[in-house]
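Below is one structure; the comments refer to it alone.
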Amino acid sequence: MFDLRFTTPKSWTEPVLADFDHFLQDHAAAEKKASGMAVSMFSHYPDKPVLVEAMVNLALEEMNHFRQVIKLMHERGVYQAPDEKDPYINAIRKLIRRGSEAYLLDRLLTAGIIEARGCERFGLVAEALPQGTLKTFYQVITESEARHHELFVELALEYFPRETVEARLGQLLDAEAAIAAALPHRAALH
C-alpha cells in the first residue's frame, strides 16, 4: 500500500546476527508491546466496531508471535530481559498530534509505518539467516507483518478521507525515513 522512504542497508543485520540472543529478547518485547498497543486501541475506541474487531484480532496474533519468540528463546536457554526504551518508537511517538481526530489518524498511520519497518527488517533477518528453523520463522513473520501495515492504512481510510490519509501518510513517511536513517545499527528491531 505504501513504500518506506528509507531502505535499511543489509549491513544492519551484522549486529543482529552477532548478538542474536539479544535480538530475540528485543523481538519478544516488540511483539508484546504491539499486542498491548492493539488492546489500547480497541479500549480507547469502543464506538468504532471495525477498528475494535481488527485490533482484537491483531492483539491475539501479536501475542501468538510473542509466545513463538519466547519458545525459540527458551530453546536457546535465553530468557526475557527487562523492556528497554526504544529510541525509534520514542521518536515516532513524538510525531503524533493531539486532538481526537488528528490523534486517531496519526496513531493508525504511525502504527502502520512501524509495522512496515518491522516487516522490512524481519525480511532482512530471514535473508541473512542460514537454512533452518529460525530462517523459516522469520520468513513467516515477515509475511504477517506485511499484512499488518496494510491493515492500519485500511483502518485510517475507514474513518478519514483518502486525501487526508495520503497527505498525512506522506508527511509521516518523510519523518520516519529521517529517524530510521539516523539511528545506529544494533541487535534490535529498531
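The values are calculated or read from the model by the stated rules, or taken from the named source; none is laboratory data. A quick note: this is a predicted structure, and the numbers were derived from the prediction, not measured. No Cβ is skipped: glycine too gets one built from the backbone with ideal geometry, and neighbour counts run over all protein chains shown. SASA here: full protein model, heavy atoms, side chains in, ligands and nucleic acids out. Shrake-Rupley method; radii C 1.70, N 1.55, O 1.52, S 1.80 Å.
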Six or more apart or on different chains, Cβ atoms under 9 Å: show the pairs whose first residue is in the range 59-75 and within 17 Å of residue 148 (Cβ to Cβ) and whose second is of a type in the set (Phe, Trp, Tyr).
59/42; 68/137; 69/137
Taking the range 43-58 and keeping residues touching a residue at least 12 places away in the same chain (Cβ under 8 Å) and not hydroxyl-bearing (Ser, Thr, Tyr) leaves 48, 50, 51, 54, 55, 56, 58
Residue 90 passes all but one of the listed conditions (1) under 16 Å from residue 190 (Cβ atoms); (2) free of Cβ contacts under 8 Å to residues at least 12 places away in the same chain; (3) over 14 Å from the mean Cα position of the chain (by Cα); the exception is number (3)
Consider residue 78 carefully, then state whether it is outside any helix (DSSP H, G or I), in contact (Cβ under 8 Å) with a residue 24 or more places away in the chain and either touching a Ser or Thr at 6+ places or on another chain (Cβ under 7 Å) or open to solvent by less than 20 Å² (accessible area, probe 1.4 Å) (or both).
yes
Any chance you could count how many residues in the range 1-36 are under 14 Å from the mean Cα position of the chain (by Cα) and either farther than 13 Å from residue 117 by Cβ or surrounded by 18 or more Cβ atoms within 10 Å (Cβ to Cβ) (or both)?
11
With the requirement that a residue be surrounded by 13 or more Cβ atoms within 10 Å (Cβ to Cβ) and either part of a helix (DSSP H, G or I) or touching a Cys at 6+ places or on another chain (Cβ under 8 Å) (or both), what does the range 45-59 give you?
51, 52, 54, 55, 56, 57, 58, 59
